[in-house]
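To keep things clear, I will list the structure first and then write my remarks on it.
The values are calculated or read from the model by the stated rules, or taken from the named source; none is laboratory data. These numbers come from a predicted model, not from an experiment. With ideal geometry, Cβ positions are generated from the backbone for all residues, glycine too; neighbour counts draw on all protein chains shown. SASA here: full protein model, heavy atoms, side chains in, ligands and nucleic acids out. Shrake-Rupley method; radii C 1.70, N 1.55, O 1.52, S 1.80 Å.
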Amino acid sequence: MARADSLGAAPDTGDAPDATAQVLVRAATRALEAVGGYAAGIYLRSPTTGLLLLAVFTGLPLQLFRPWWRMQVNRPYPVAEAYRSGQAVLLPDAESAMSRFPQLMAGLPFTFASLYEPVTAGTERFGVLVVLREATPGIPVGTADRERLRRAAEQLAADLTALAAAGGRVLWEGDPMGVPAPPPEAGAEGARRAADRLAQAVLSLDREGRIGYVNTAAEALLGIDGPHLRGRLLWEALPWLGHPAYEDHFRAGFMSGEPVHFPARRGRHAPGQWLSVDLYPAADGVTLTLGTSVKPAYAPASRTRHDPDAGAHTHVRADTHVRADTDTDMDMDADGDVDVDGYADLDVSADEASALYRPVALAIALTEAVTARQVSAVVTEELLPAFGGRQLAIYLLDERHLYLAWETGFPQGFLNRFDGVSLDVRLPGVETLTTGRPMFFESMQHLATAYPGIPLDADVGARAFLPLIASGRPVGSCILGFDSPRGFSPEERTVLTALAGLIAQALARARRYDSEVALARGLQSALLPHRLPVREHVDTVGRYLPGTQGMEVGGDWYDVVETGAGLLALVIGDVQGHGVAAAATMGQLRSAVRAFALSGSTPEQVVSGTNQLLIDLDPGQFASCCYMLLDPASGSVMAARAGHPQPLLRHPDGRTEVLDLAGGVVLGIDPEASYPVTELRLTTGSILALYTDGLVEKPGLDIDVGVERLRTVLEAARPSPLTETADRLINEAGNTADRPDDIALLLASRTGGDP
């Protein structure tokens, strides 16, 4: 749909469907006003499964947020979390954002608040509504703002539902659409005269980066008349300020509300001139000042291949030799510009300080990636944007052959010819692994010269081949592709080589998990109940949520068993550990409990028998369990507990209590353990909640705090439908991006029978 191809280019909204555009623009504006924000955006589902796209954005320069235009729903970002959970994510300050979403703050380390509200209608999930506003350190988002944002999302969901019913498109494709701001105001006459008396260059920008007022000193310094500047985006009018090296500074100014100061080098019209740039943001705009007096400590040291405007002056001399390894011969002309053979006007990388957050985000994300596919996706989303790459291929080593594991950006089918190549073949992707040396080709001509006859997917571009070696063991190789010729500075080569080591470690770890994950998930899917029995007078709902660390598969389980006596057995349990062993033990215990229940055993007999079975099957393994036998007609309950968290009971009047069931030690410890039975009654309209400790435990917090939080959420929840109550409990009480344990939840509500 809308498109923005560079920092200074305004998005093209011409091909956005009018009805969809009107709905989204209206919703973003409404949300912005509702909670007092300075920017708002809407992410929508795309035709690609698991991918959200930023559809509309208003209030800030759209181009500064290009790294976040695309969002995978499985990533640890608040947008993805809100979409997955169906619950709002409210981050009032930087501290709360850092504690929950460190990757977000690695890319946007500024002081701001952000609110994320899912846009849903029933089971339909359209996307997420986002609002940015000033931070309120230590003060959570108020109830009134929460409600206003929720209503805005509900209205948007209703509009999109109606749009879809009328045949309109509610999936987004392409780049986001920017909402045009009103024309910038030039300011009052008195303010203009006052600013014109200043010797310092002053420009006024609106919240989207368009130039309003320009004082006389600015016109003189820039050599451009005010009318040619006013109404234009800053980066269109002054392209040298649009270099990626300065993006982080502008993000900081526009988002944090605090002054930002940095040096910038002017383009080819004023070679070598450094200016001091100062940003003074406020709610209604940003004042930008330019100064020619830059102290040596303020201006960065000259670096021949990392100058922000080097791309405008780097040219070629045919007598200069460039090697495809970590050392490149370079010459310098009289102006201090680098000469590299073979091509002119190549663009080089941004200052590493401005792109630092991408490698940091990559390192953080790699620690969370478990499977080889997750590692490859992280590299695609974090590494490529950091260095301006467009193509990526990852090959994994198996039995002295390299097999294609991941690719993006290459022509379809092009890489198939290299899939399964032997380590004896002379190819750069092979030799970088066998020699252990990264290889950098600054143009496709250099690659063709080094490897005559090698098939090329493009005539123009650059390539980097990185060995993936973990702890001295070869894992595979990584290929980075660039659409244009480019140099690789020593700093870039060092960073890329180090990141290749991190990627290799992550892939080696992921490959060990992949086979076990497949087996454990198969076990888990087969062993957890696919549907619960339907009985008169009782509704039951179960939920299972895997952990976000490690195997993502554990030994938590729940079950509902119809016994031969017309009673209903409610069971929940938690086997120690994760992975295949825990899933297998869980299956054995679930089968045992079902067998005992169907035989008409009492609760004490069921739990005692299961305890003895676990000791016989796997000495040293243990599990917790809660078993409750319910009579749907009368509501009478007999319960036995083995080291499991106490259930919750919500009474018909909403009062919710933590039950005090007698119990014994966890299963698998003591063959002589006894498990006393507690009797209680479930009245019509009551809700019984059984859960595993993953729902109430958080590192560093007492479990009683988590139980009380869960009790409060259940008390505040609507009693019906029971499915919504279950979703609210598992999402609100167990909602965290760093959840080491599984969560199982079983709710039972008595809907009729004897009073």
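Just one of the listed residues (LEU402, LEU423, LEU468) is within 27 Å of the chain's Cα centre (by Cα) and among the aliphatic types (A, V, I, L, M), and it is LEU468. If you go through region 559-576 and keep only what is at pLDDT below 90 and open to solvent by 40 Å² or more (accessible area, probe 1.4 Å), you end up with GLY564, ALA565, GLN576.
Among the residues in region 32-47, are any at pLDDT 90 or above and of a type in the set (D, E, K, R)? Within region 32-47 (the criterion being at pLDDT 90 or above and of a type in the set (D, E, K, R)), the answer is yes, since at least one residue qualifies.
When region 226-238 is filtered for residues that are open to solvent by 10 Å² or more (accessible area, probe 1.4 Å) and closer than 15 Å to ARG192 by Cα, the ones remaining, listed by number, are PRO227, ARG230.
Before we move on, is THR20 outside any strand (DSSP E or B), out of contact with any His (no Cβ under 6 Å at 6 or more places or on another chain) and surrounded by fewer than 21 Cβ atoms within 10 Å (Cβ to Cβ)? So THR20 fails the test.
Being touching a Phe, Trp or Tyr at 6+ places or on another chain (Cβ under 6 Å), under 25 Å from ILE139 (Cβ atoms) and at pLDDT 85 or above holds for only one residue in VAL89, VAL73, and it is VAL89. Within region 388-408, can you find the residues that are in a loop (DSSP other than H, G, I, E, B) and in contact with a Ser or Thr (Cβ under 9 Å, 6 or more places away or on another chain)? Passing the criteria: GLY388, ARG390, ARG400.
Determine whether ASP483 is among the charged types (D, E, K, R) and without any contact (Cβ under 8 Å) to a residue 24 or more places away in the chain. Spelling it out, it is not the case that ASP483 is among the charged types (D, E, K, R) and without any contact (Cβ under 8 Å) to a residue 24 or more places away in the chain. Within region 379-390, which residues are farther than 20 Å from SER489 by Cβ and open to solvent by 10 Å² or more (accessible area, probe 1.4 Å)? THR380, GLU381 - these are the residues of region 379-390 that are farther than 20 Å from SER489 by Cβ and open to solvent by 10 Å² or more (accessible area, probe 1.4 Å). With respect to being buried (at least 24 other Cβ atoms within 10 Å of the Cβ) and either assigned to a helix (DSSP H, G or I) or in contact (Cβ under 8 Å) with a residue 40 or more places away in the chain (or both), ALA31 fits the description. Between ASP693, ASP670, the distinction of being touching a residue at least 60 places away in the same chain (Cβ under 8 Å) and out of contact with any Leu (no Cβ under 7 Å at 6 or more places or on another chain) belongs to ASP693 only. Filtering region 183-193 for residues that are at pLDDT 75 or above and part of a loop (DSSP other than H, G, I, E, B) leaves an empty set. Mind checking whether some residue in region 535-544 is at pLDDT below 75 and at positive phi? So far as region 535-544 goes, no, none of its residues is at pLDDT below 75 and at positive phi. Using the structure shown, decide if ALA355 is modelled with pLDDT of 65 or more and not charged (D, E, K, R). It is false that ALA355 is modelled with pLDDT of 65 or more and not charged (D, E, K, R). Among residues of region 632-647 that are more than 19 Å from GLN576 (Cβ to Cβ) and in contact (Cβ under 8 Å) with a residue 60 or more places away in the chain, those with a beta-carbon under 8 Å from a residue that is buried (at least 17 other Cβ atoms within 10 Å of the Cβ) and hydroxyl-bearing (Ser, Thr, Tyr) at least six positions away or on a different chain give the pairs GLY635/SER686.
Of the strands (runs of 3 or more DSSP E) lying entirely inside region 587-650, those carrying at least 3 residues that are open to solvent by 20 Å² or more (accessible area, probe 1.4 Å) are 636-642.
Among strands (runs of 3 or more DSSP E) entirely within region 651-727, having at least 1 residues that are at pLDDT 90 or above and surrounded by fewer than 19 Cβ atoms within 10 Å (Cβ to Cβ) singles out 656-658, 677-681.
Scanning region 434-453 for residues that are outside any loop (DSSP other than H, G, I, E, B), open to solvent by 10 Å² or more (accessible area, probe 1.4 Å) and under 21 Å from LEU404 (Cα atoms) yields THR434, THR435, MET439. The criterion of at least 1 residues that are touching a strand residue (DSSP E or B) at 6+ places or on another chain (Cβ under 8 Å), on the phi < 0 side of the Ramachandran plot and open to solvent by 30 Å² or more (accessible area, probe 1.4 Å) is met by the following helices (runs of 4 or more DSSP H) wholly inside region 52-163: 94-100. Within region 207-220, not a single residue is modelled with pLDDT of 85 or more and within 24 Å of the chain's Cα centre (by Cα).
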